[in-house]
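The values are calculated or read from the model by the stated rules, or taken from the named source; none is laboratory data. This is a predicted model, so every value here is computed, not measured. With ideal geometry, Cβ positions are generated from the backbone for all residues, glycine too; neighbour counts draw on all protein chains shown.
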Amino acid sequence: MTRVAILIYPDTALFELGCAVELFALPRPEYPDWYETDVVCFGEQAVRATGNIMLQAKPVASLTDYDMLVIPGWPLHMQPAPDLIDEIQALHGRGGTVVSFCSGAFLLAASGLLDGQSATTHWRYADVFRDQYPDIHYVDDVLYLFHNRLGCAAGSSAALDLGMAIIRQQHGYRVANQVARRLVMAAHRSGGQSQFVEAPVARTSNHFADTLDWAISNLTTGLTIDALAKRANMSRRNFDRKFRASMNISANEWLVLQKLELAKQLLESTQLPIERVASRAGFENAITMRHHFRKHLQSSPSRFRTQFGRAQ
């Protein structure tokens, strides 16, 4: 079981705190190995949050008891105490995970753990972040980054995307999608990331959205983009233009992602041979499926099954 500490601080951002609590502190007894989470503060006094709301958390002087720290924002003007920096470094040094939401990237950067690595934060803080931490490669076209047990979310709602990626990695596809369903959100939003999670379906006009729903249910029927355009009552040119404007990817790319999504579900939940998985997911053959696994997921179907398979 992963022990999680969610850090609060003076002027705590309530939305980001709420995201952290909803993701990691909400009891989920249906998962026996779910997170055990405390909201903590360094100090004995209550903490004032946005809107003059007073918060009382578990006072701690150390993060020794925890495996993961979530930093739901951080005031840009506030210098972190040296003992807090020491505890963050120690947690990561013993194999723990440190995750920041929005401006929390400033505290994570101050710890030195991001030196020489890539990071992101809310776009409005980008210039300040670059100026303060020139040794960190700032990335401005992603929702979040998560590598080397360090995570940064670009903005407030992107905290949910990062949290879902962590749940996906630690608990698998099935659990992550059940949690996403409970949150009434897609398990993944497109944002420059390559993840083991599902791609979103945009909701625009009824014909267009209905066509995408129909396509997901008919992936094994040899779908073509011309067929999708016809079903949406659109010319191919208008369909391609609307698809790009709505989804920020081409229709062909989207179709491949949906096939990958179905293949991942089959790999995780069944023991079907790879060739059968490829056929049932709508790929021409297993070779084509392996190619797209490498291109989009930097993995292979066999490795994915080994890592995430939960067939009974």
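A few comments on the model shown:
- Comparison of 131, 115 shows that the only residue that is in the same structural domain as residue 83 (by TED's automatic domain parsing) and either in a helix (DSSP H, G or I) or closer than 27 Å to residue 268 by Cα (or both) is 131.
- Sole residue being over 22 Å from residue 19 (Cα atoms), out of contact with any strand residue (DSSP E or B) (no Cβ under 6 Å at 6 or more places or on another chain) and in a helix (DSSP H, G or I), chosen from 176, 90, 109: 90
- None of 66, 125 is touching a residue at least 24 places away in the same chain (Cβ under 8 Å), surrounded by 15 or more Cβ atoms within 10 Å (Cβ to Cβ), of a type outside the set (A, V, I, L, M) and out of contact with any Asp or Glu (no Cβ under 9 Å at 6 or more places or on another chain) except 125.
- Scanning segment 267-296 for residues that are buried (at least 20 other Cβ atoms within 10 Å of the Cβ) and over 26 Å from residue 229 (Cα atoms) yields 267, 277, 293.
- Residue satisfying all of: in segment 297-312; part of a helix (DSSP H, G or I) and surrounded by fewer than 19 Cβ atoms within 10 Å (Cβ to Cβ); modelled with the lowest pLDDT among these: 307
- The residues listed here are 203, 189, 181; of these, the one that is modelled with pLDDT of 80 or more, more than 26 Å from residue 66 (Cβ to Cβ) and not in a strand (DSSP E or B) is 181.
- Scan of segment 238-283 for residues that are free of Cβ contacts under 8 Å to residues at least 12 places away in the same chain and of a type outside the set (A, V, I, L, M, F, W, C), ordered by number: 238, 241, 244, 250, 253, 273, 275, 276
- Selection of segment 27-63 for residues being on the phi > 0 side of the Ramachandran plot and exposed (fewer than 11 other Cβ atoms within 10 Å of the Cβ) yields 51, 52.
- Residue 145 being over 15 Å from residue 6 (Cα atoms) and outside any helix (DSSP H, G or I): yes
- The set of residues in segment 1-29 that are farther than 22 Å from residue 155 by Cα, in contact with a helix residue (DSSP H, G or I) (Cβ under 8 Å, 6 or more places away or on another chain) and not β-branched (Val, Ile, Thr) contains only 28.
Yes/no per residue for (1) small (Gly, Ala, Ser); (2) modelled with pLDDT of 90 or more; (3) not in a helix (DSSP H, G or I):
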site: 212; (1), (2), (3): no, no, no
site: 227; (1), (2), (3): yes, yes, no
site: 256; (1), (2), (3): no, yes, no
site: 259; (1), (2), (3): no, yes, no
site: 291; (1), (2), (3): no, yes, no
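- Residue that is touching a helix residue (DSSP H, G or I) at 6+ places or on another chain (Cβ under 6 Å), at pLDDT below 95 and either not hydroxyl-bearing (Ser, Thr, Tyr) or not assigned by TED's automatic domain parsing to the domain that holds residue 87 (or both), where the choices are 49, 61: 49
- Hits in segment 242-252 (condition: surrounded by fewer than 17 Cβ atoms within 10 Å (Cβ to Cβ), at pLDDT below 90 and in a helix (DSSP H, G or I)): 244, 245
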